[in-house]
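Following: one structure in C-alpha cells, then a few remarks.
None of the figures in this text is laboratory data; all of them are computed from the coordinates on show. Source: prediction; values computed, not measured. FYI the Cβ positions are ideal-geometry reconstructions off the backbone, even for glycines, and counts take in every protein chain you see.
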Protein chains: 2
Amino acid sequence: MTQTYSISDLARELDITTRAIRFYEEQDMLCPERRGLERVYCAKDKVTLKLILRGKRIGFSLAECKELIELYDPGHGNRKQLETFMQKIAERRTQLAQQLLDIEQMQIELDTAEERCRAALAQTATN
Amino acid sequence: MTQTYSISDLARELDITTRAIRFYEEQDMLCPERRGLERVYCAKDKVTLKLILRGKRIGFSLAECKELIELYDPGHGNRKQLETFMQKIAERRTQLAQQLLDIEQMQIELDTAEERCRAALAQTATN
DNA sequence: GCTTACCTTTACGTTAACGTAAAGCAGTCA
DNA sequence: TGACTGCTTTACGTTAACGTAAAGGTAAGC
C-alpha cells in the first residue's frame with residue numbers, strides 16, 4: 001500500500017498553499033498522477049516538495065531548486081550530461097560552503113548586537 | 001585620514017551596480033555624505049553594503065537586511081525597543097540555525113547525487 | 001571648444017513567485 | 001434538493017529588487 005496524498009493534504013502538512021503546489025507543477029518540478037482531474041501525489045512528490053522548501057529557506061530560486069531535483073535523478077544521461085551534472089554539483093558545493101561562512105559571520109554579528117543591546121539595557125535600567 | 005569612496009569605487013570593489021547602491025539608499029539602508037550632488041561613502045557604508053550582500057547570499061530579503069543593520073546599532077533605543085531588538089535577534093538565531101541544518105542536509109544530498117552520477121558514468125564508460 | 005568619463009535625477013520596464021478572484025464540476029450531508 | 005466542501009482551470013494582480021533609458025551637470029584632457 002503506497003501512501004498517496006491530495007493537494008490539500010500536502011498543503012496542510014508542509015504549510016504551503018495549494019496555489020504554490022500547482023505553480024511548482026507548472027514549472028515542471030512536479031508531475032503528479034491524476035484520478036480524473038484530481039491530482040494524486042505520492043511519497044516521491046512529497047520529497048520533491050520538501051527539497052523545494054529547503055532550497056527556498058536558504059535562498060535558492062525555484063530555477064535552482066529545479067536543477068537540484070534534476071541532479072538528484074541522473075538516470076537518463078549520456079556521458080556529456082553526466083559531466084555537466086558533476087560540474088553543477090561542484091558549483092553548488094562551493095555555494096553552500098560560502099553560505100556556511102556567511103551564516104557563521106552573521107551569528108558572530110548577532111553576538112555583538114546582543115552584547116550591545118545588553119549594555120544599552122544596563123544603561124537604561126533605571127527607567 | 002578617513003578613507004572615502006565614490007559610488008563606482010564601491011560598485012567595482014563589491015561587484016554590484018551603482019543602481020543597486022542607489023536603490024539601497026532609497027530604502028534607507030544607506031545615507032552617504034554629499035559633496036555637492038556627488039555621493040561620498042565612508043568605511044561604515046562599505047560595511048553596511050557587505051552586510052547587505054552577505055544577507056542576500058543566504059536568502060534574506062532587503063527588509064530583513066535592513067532590520068539587521070538597525071539591530072547592529074541600538075544606541076537610540078528605550079527599554080521597550082531594546083527588548084524588541086533582543087527578541088528579533090533571537091528569531092534570527094533560530095532562522096540561522098535552521099539554515100545550517102538545511103545546508104547540511106543539502107550537502108548530504110549532493111553526496112548522494114554525486115555518487116549516483118559516478119555510478120551512471122561507470123555504466124556508460126564504454127560510450 | 002569638444003569629447004570622454006563620471007556623476008546626478010526621474011521614470012518606466014522586467015522577472016520571479018506566487019495571490020486572488022471567477023466560474024464551474026463531483027461527492028456528501030441534512 | 002440544496003448547501004457545503006474540495007477539487008479543477010483560466011487569468012489578471014501584486015511585490016521585491018533592481019534594469020534600463022532619458023536628459024542633463026561637471027571636471028579632465030586634447
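Structure notes:
- Peptide-level mean, for A:109-121, of C-beta atoms on other protein chains within 10 Å: 6
- Partner shielding of A:66-73 amounts to 2, given as the average count of beta-carbon atoms from other chains within 10 Å of each residue beta-carbon.
- Among B:Leu71, B:Leu30, B:Leu101, residue whose mean-square fluctuation peaks in a GNM of chain B (springs only between Cα atoms under 10 Å): B:Leu101
- The range B:1-73 - percent relative contact order, Cα under 8 Å, separation 6 or more: 29 percent
- Sequence-distant residues sharing a close amide H with A:Val40 (under 5 Å, placed H): A:Glu33, A:Arg34, A:Arg35
- Each residue of the range B:7-15 is assigned a 3J(HN,Hα), and the resulting list reads 5, 7, 4, 5, 4, 4, 4, 9, 6 Hz, derived from the Karplus form 6.51 cos²θ - 1.76 cosθ + 1.60 (θ = phi - 60°), x at Gly and Pro.
- Lys, Arg +1 and Asp, Glu -1 on Cβ, resulting dipole of the protein assembly as shown about Cα centre, debye, nearest 20: 240 debye
- For the protein assembly as shown: rounded, prolate or oblate by the Cα gyration tensor [a/c cutoff 1.5]: prolate
- In the distance distribution for the range B:28-119, Cα-Cα pairs more than 19 Å apart total 59 percent.
- Pairs beyond 30 Å (Cα-Cα), from A:Lys56/B:Lys80; A:Lys46/B:Lys88; A:Lys50/B:Lys88; A:Lys46/B:Lys66; A:Lys44/B:Lys66; A:Lys80/B:Lys56: A:Lys56/B:Lys80; A:Lys46/B:Lys88; A:Lys46/B:Lys66; A:Lys44/B:Lys66; A:Lys80/B:Lys56
- Label-point distances for A:Glu26 to the equivalent site in the other copies, using a point 7 angstrom along Cα→C-beta, read 2.6 nm when ranked shortest first.
- Sum of -39500 (n - 2.57) over DSSP H runs of 4+, divided by residues of chain A (222 nm, nearest 500): -23000 deg cm²/dmol
- Counting, for every residue in B:81-90, the Cβ atoms of other protein chains within 10 Å of its Cβ and taking the mean gives 4.
- Full extension of the chain segment joining A:Glu70 with A:Gln105 gains 9.5 nm, where the gain is 0.36 nm per residue of separation less the Cα-Cα distance.
- When chain B is treated as a GNM with alpha-carbon contacts under 10 Å, the residue of B:Thr84, B:Thr112, B:Thr17 showing the greatest mean-square fluctuation is B:Thr112.
- The string of couplings for the range A:73-88 from the Karplus curve (6.51, -1.76, 1.60, θ = phi - 60°) is 9, x, x, 8, x, 8, 4, 4, 4, 5, 5, 4, 4, 4, 4, 5 Hz, one whole number per residue in order, with x for Gly and Pro.
- The GluC sites (Glu not before Pro) found in the range A:35-69 include none that occupy coil by DSSP while having at most 15 further C-beta atoms within 10 Å.
- Dipole moment magnitude, nearest 20 debye, chain B about Cα centre, only Lys, Arg, Asp, Glu C-beta charged: 360 debye
- Chain A, relative contact order [Cα under 8 Å, separation at least 6], %: 16 percent
- Each part gets one Cα centre, and for the range A:6-23 versus the range A:29-61 those centres are 9 Å apart.
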